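Here's the structure we're looking at; comments come further down.
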């Protein structure tokens with residue numbers, strides 16, 4: 001091995017390293033894109049690191065040093081100032097190398113997938129610890145070499161070994177993770193080719209391996225090191241150039257696929273839960289965490305059965321038909337469908353469970369069913385009765401006037417049903433919440449006045465504090481109160497009592513009439529109309545649906561003393577005003 005050849009190869013390696021710097025500058029001048037800046041920064045750091053290392057070998061050759069084992073001779077043949085410069089240059093090269101490796105990993109992470117807070121934290125910790133240990137190891141070596149501080153040889157050796165292990169492990173993990181992510185992307189993202197993986201891995205893997213061949217004494221000759229470094233860096237630079245130009249690296253952007261999927265997953269209003277092949281939860285979006293009142297930390301890794309309500313078996317989800325269930329202590333109705341999740345090779349990697357809130361749809365179906373059955377029942381029965389009466393009236397006779405009154409009564413009832421249907425439609429179409437509060441007492445007074453316009457006498461006792469106001473649409477809450485008072489007036493001649501429990505936010509309207517029939521309340525409790533059990537009218541349904549719309553509840557207590565209708569108002573919709 002000659003000094004001249006060692007110097008020449010060092011110059012060649014330095015020129016190739018400068019090529020990385022120029023290539024990095026070329027990338028940094030490109031248009032913005034995912035990973036462009038980070039790959040450009042890697043190329044600049046990587047090139048600068050090996051330019052410095054080539055300069056070191058060149059200087060060593062100038063002093064006749066052609067092997068790493070001869071470096072001890074420098075203390076006698078090289079001025080102290082030059083030794084200081086070379087020591088600082090070596091430390092800077094070490095730090096640039098570590099920085100380049102972690103910048104390359106940062107590029108891979110950004111390019112192949114979404115970077116979350118956990119990934120950023122893990123990369124910061126791994127890179128920061130490795131960088132800090134390498135810097136401290138180099139500084140301790142420098143001050144020991146120049147006698148600034150006297151350090152025990154055993155301690156210096158221990159520090160050096162520890163620093164070397166941390167550096168190898170830290171950079172090795174970074175390189176391994178990066179190559180694994182590139183390979184996984186090539187497997188799952190068709191436009192991203194295997195040759196692109198080679199092009200992005202070559203610049204990092206060969207110089208990284210050569211670095212530790214020298215560090216552990218397997219290759220110490222500077223001529224061999226420069227030759228291997230020139231070959232490795234040349235292959236790597238060619239790979240980067242081909243990946244960017246020939247294989248259209250920044251036109252593929254597999255991260256956009258990952259980001260798009262993750263964004264859709266996180267922002268979806270539909271609850272989504274991903275399970276693996278062992279039926280354990282792998283991920284769930286914010287909508288699912290809200291639906292089941294759980295956190296990701298508590299759910300991920302746990303069996304799917306632990307997430308579901310007790311009466312729902314995850315095995316039922318594997319059926320082809322969706323299953324429907326009600327959430328515990330709630331009116332929310334959920335439809336659950338499980339689909340198989342596969343990769344691009346159609347290999348099953350788990351399942352996705354879609355939980356859709358169909359409460360609104362079920363309520364709409366229920367309202368259609370109720371309106372259909374009530375209107376059909378009343379129209380059919382009343383019109384049949386009216387037809388019979390008209391037939392009798394056509395025959396004449398002393399009872400014709402009586403039957404005429406019956407027909408008029410039936411028609412009046414049908415008109416009333418029409419008005420109820422219109423009121424119900426108005427309540428259901430109205431926005432349940434209001435922008436500003438309305439005094440509850442004013443709403444009650446307006447409801448009483450409306451009932452008085454239809455009935456000769458309405459006697460109401462009791463009152464609501466003037467300070468109580470509700471942030472509920474007056475059309476909704478006013479129609480509910482009016483319907484309850486009107487229903488009470490129709491069934492009693494005595495006074496109707498109105499009271500308000502401020503602590504529980506419950507408005508109670510009571511009368512001493514015969515009470516609401518049990519079958520009417522049963523229909524409301526079952527939330528549906530049937531042929532055998534049907535409501536006599538729309539009034540009670542208006543009360544129930546209107547109360548449900550703003551999140552309240554209604555309870556009908558009826559016995560031999562009369563009926564008490566209790567409207568529970570949500571606390572956040574009730575306020576005290578001056």
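Just so you know, all these numbers are worked out from the coordinates, no wet-lab data involved. As the structure is a prediction and not an experimental result, all values here were calculated from the model. Note that each Cβ is placed from the backbone with ideal geometry, even for glycine, and that neighbours are counted across all protein chains shown.
For every helix of n ≥ 4 consecutive DSSP H residues, a contribution of -39,500 (n - 2.57) applies; sum these over the chain, divide by its total residues, and give [θ] at 222 nm rounded to the nearest 500 deg cm²/dmol.
-20500 deg cm²/dmol
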How far is helix 474-491 tilted off the main Cα axis of the chain, in degrees rounded to 10, range 0 to 90?
-> 30 degrees
Likely footprinting exposure, 364, 156, fewest C-beta neighbours within 10 Å first = 364, 156
Assuming R0 = 41 Å, can you tell me the calculated FRET efficiency for the pair residue 277 and residue 364, based on Cβ-Cβ distance, to the nearest 0.05?
-> 0.60
What is the spin-label model distance, in nm, from residue 209 to residue 494 if the labels are put 7 Å beyond Cα along the C-beta direction?
-> 9.8 nm
Label-point separation, residue 129 to residue 70 (7 Å along Cα→Cβ), nm | 4.0 nm
Taking Cα centroids, how far is the stretch 381-455 from the stretch 552-578 in Å?
-> 25 Å
May I ask for the angle, rounded to the nearest 10°, between helix 359-394 and the longest principal axis of the chain, with both axes built from Cα atoms and the value confined to 0 to 90°?
-> 20 degrees
Report the full-extension gain for the segment residue 503 to residue 575: residue separation times 0.36 nm, less the Cα-Cα distance, to one decimal in nm.
-> 24.8 nm
Amide N of the stretch 398-421 lying under 18 Å from the label point, which is placed 7 angstrom from the Cα of residue 392 along Cα→Cβ | 398-413
Extension reserve of the residue 330-residue 371 stretch, reckoned as 0.36 nm per residue once the Cα distance is removed | 12.3 nm
Find the centroid of the Cα atoms in the stretch 1-63 and in the stretch 196-211, then give the distance between the two in whole Å.
-> 14 Å
If you rank 86, 242 by fewest surrounding Cβ atoms within 10 Å, what's the result?
-> 242, 86
Write down the percent of antiparallel bridges among all DSSP beta bridges whose residues are both part of the chain, to the nearest 5.
-> 95 percent
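Grab the beta carbon distance between residue 246 and residue 422, set R0 = 60 Å, and tell me the FRET efficiency rounded to 0.05.
According to the calculation, E is roughly 0.25.
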How many nm separate the modelled label positions at residue 341 and residue 90, each set 7 Å beyond the Cα in the direction of the Cβ?
-> 5.1 nm
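Need one number for the chain: average projected area of the convex hull over its C-alpha atoms, nm².
Quarter of the Cα hull surface area: 43.1 nm².
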Where a ≥ b ≥ c are the square roots of the eigenvalues of the C-alpha gyration tensor, would you call the stretch 411-576 rounded, which needs a/c under 1.5, or, failing that, prolate if a/b is larger than b/c, or oblate?
-> rounded
Roughly what angle does helix 400-429 make with the longest principal axis of the chain, taking Cα atoms, 0 to 90 degrees, to the nearest 10?
-> 20 degrees
Fewest to most neighbouring Cβ within 10 Å: what's the order for 403, 212?
-> 212, 403
Compute the relative contact order of the chain as a whole-number percentage, counting only Cα pairs closer than 8 Å that sit 6 or more residues apart in sequence.
-> 9 percent
Burial ranking of peptide ranges 482-494, 277-289, 38-50 (average Cβ count within 10 Å, highest at the top) = 38-50, 482-494, 277-289
